[in-house]
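**Student:** One structure, as structure tokens, below. Some questions next.
Every number here is computed from the coordinates shown, using simple stated rules; none is lab data. Remember, predicted model here, so these are calculated numbers, not experimental data. Counting neighbours? That spans all protein chains shown, and the Cβs are built from the backbone with ideal geometry, glycine included.
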Amino acid sequence: MSLLLAVLGASASAARAQDVRVSVDPERLGQRVEPRFVGLSFEASALPQLARGANRGNLVALLRSLGPGILRFGGASLDTNTAFSTTGAAQPWATTTITPRDLARLGRLARRSGWSVLLGLPLGRHDPKLAAREAAVAKRELGPALAGVQVGNEPNAFWVFGLRPSWWGYAEYRRELGSYRRALAAAAPGIPLAGPDTALYDGFDWLRMYARDERPAILTPHYYPHHGCFGPPATVPELLGPALSRREASAISTHADIARTARLPMRLGETNNVPCGGQTGVSDTFSTALWALRYMVRLARAGFAGVNFHGLPEHCRGYAPICSASAADLRRGRLRAMPEWYALLMFRHLVGERLAGTTLSRRPDGLTVAAFRARSERSVHVLAVNTSATERVRLSVRLRGADGLRRGHVLRLTGPALEAKTGVTLGGARVGRGGRWSPADPRPGAAARGGTFRTVVRAGSAALIRLERP
């Protein structure tokens, strides 16, 4: 009897659906999604290995598939175990040495992919002159592809790694940063400074003071919505649930307020779902693709200039948009697209567009809807993300003032289950071994009847609808 009830309950859950009417006002425009909104972040120690991807493997193809973006190199390894050397001589405390040849390869990678670079300079082991020499070489090798430099990674948490005493604070940090600014001005003038690359360990005070005092070219704080380093293990329902969603929304709002007050652009210089490398069974699942889409919509609405998703290319079981399945693959430059990568592929269709006004007849739990007006002004994108594990959504979309709406095209992001680690597709297709992606179903779309386009967004999926205006 209990088995029969369970089957009946599962069938009822699968059949549940919410009807939602969406009205889009293409003339009520909001923020523009900046051209290099999508970005990736890696440890400084990964720079030599990834830079070799300029000449081998599939990294160039992967980056090109997202359009122009920003590569950022920093992370904990920047200040703890990575050193720059003009001769290649290793420091006794460093496990990775960055050489001028590595930066030359990085410049080639940037040119071939069309991406720019934010380069971290170590502060943990205080050496302004060496950092300035590295910046000068980077300026020479990357040219205009060098978007800026960052000094130190999460300096407000240096005490965690034993890099500074516990009493070392913002005033001491600014004095040390001043010596770096002077060295950079002498050896590599004109390079934009980004920062402060602070973590949210102790609130927003460092970020506020840095924005006020340093006036960088762009603010680049770090933020991870889950507290995985110190709390209990994360779960998939928690990642997509309301508590984390509220905490995430509050933090993004506070970041945006700081940027507006300072009148400075801001991008999240390092972020992902669960910090400290992520968590197997959560960070490597399809749920992260839906989380990342919802996250990017929030950041775009808040006016962020972009976001850099952090990844460890040698570690596919944690957070990693792209990674290598083995050490041999990493040496050959063979990277694989993880579930989160598909979110970036979907969102890249919205880069350069402006948010448009949306009104929903109801807001079911787990549903995020955002509209974007294309640059051509003749089409509108509507992104619908459904994080519910059980309820599908029947969408009816209308454009205000466009009764002659002709057709709609739907690009779907799907996976076998929220906990699935494989089988993710975008437009019915997977990212190929060569790093390229193209939709498998090029059908012309469906007609909009009576000025309304209707489609279903299944439970645990996302849909990007392109509406053609008359």
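**Student:** Just to confirm the filter: which trypsin sites (Lys or Arg not before Pro) across the stretch 286-358 are DSSP coil and have at most 12 other Cβ within 10 angstrom of their Cβ?
**Tutor:** Of the trypsin sites (Lys or Arg not before Pro), not one in the loops of the stretch 286-358 has a Cβ with at most 12 other Cβ atoms within 10 Å.
**Student:** Please give, to one decimal in nm, the separation of the simple spin-label points placed at T235 and T452, each 7 Å out from Cα toward the Cβ.
**Tutor:** Those two pseudo-labels are separated by 3.8 nm.
**Student:** Please list 382-391, 82-91, 451-460 highest first by mean number of surrounding beta-carbon atoms within 10 Å per residue.
**Tutor:** 382-391, 451-460, 82-91
**Student:** Tally the DSSP beta bridges in the chain and give the antiparallel ones as a percent, rounded to 5.
**Tutor:** In the chain, DSSP labels about 50 percent of beta bridges as antiparallel.
**Student:** Tell me, how many Å apart are the Cα centres for the stretch 364-423 and for the stretch 107-131?
**Tutor:** For the stretch 364-423 versus the stretch 107-131, the Cα centre distance is 38 Å.
**Student:** How much mean residue ellipticity at 222 nm does the chain get from its helices, if each DSSP H run of length 4 or more adds -39500 (n - 2.57) and you divide by all residues, to the nearest 500 deg cm²/dmol?
**Tutor:** Dividing the helical sum by the residues of the chain leaves -9000 deg cm²/dmol.
**Student:** Could I ask something else about it? Computed over the Cα atoms of the stretch 35-350, what is the convex hull's projected area averaged over all directions, in nm²?
**Tutor:** Projected area, direction-averaged: 14.7 nm².
**Student:** Expressed as a whole number of Å, what is the distance separating the alpha-carbon centroids of the stretch 53-104 and the stretch 226-255?
**Tutor:** Between the Cα centre of the stretch 226-255 and that of the stretch 53-104, the gap is 30 Å.
**Student:** Helix 128-142: angle to the longest alpha-carbon principal axis of the chain, degrees 0 to 90, nearest 10?
**Tutor:** It works out to around 50 degrees.
**Student:** Using the beta-carbon distance between K129 and R430 and R0 = 51 Å, what value does 1/(1 + (r/R0)^6) give for FRET efficiency, to the nearest 0.05?
**Tutor:** Rounded to the nearest 0.05, the efficiency is 0.60.
**Student:** Another question, if that's okay. For F161, F204, what ranking results if the residue with the fewest other Cβ atoms within 10 Å of its Cβ goes first?
**Tutor:** F161, F204
**Student:** Another question, then. Rounding to the nearest 10 and keeping the result within 0 to 90°, find how far the Cα-based axis of helix 2-15 lies from the longest principal axis of the chain.
**Tutor:** Helix 2-15 and the main axis of the chain meet at about 90 degrees.
**Student:** Going by alpha carbons, how many degrees (0 to 90, nearest 10) lie between the helix axis of 242-262 and the longest principal axis of the chain?
**Tutor:** Roughly 50 degrees between the two axes.
**Student:** Let me ask something additional. Net charge within 12 Å of R430 by Cβ-Cβ distance, Lys/Arg positive one each and Asp/Glu negative one each, not counting R430 itself?
**Tutor:** +3
**Student:** If a cysteine in the chain has no other Cys Cβ under 4.7 Å from its own Cβ, put it on the list, ordered by number.
**Tutor:** None - each cysteine has a disulfide-compatible partner (Cβ-Cβ under 4.7 Å) in the chain.
**Student:** Further question: How would you rank W206, W168, going from fewest to most other Cβ atoms within 10 Å of each one's own Cβ?
**Tutor:** W168, W206
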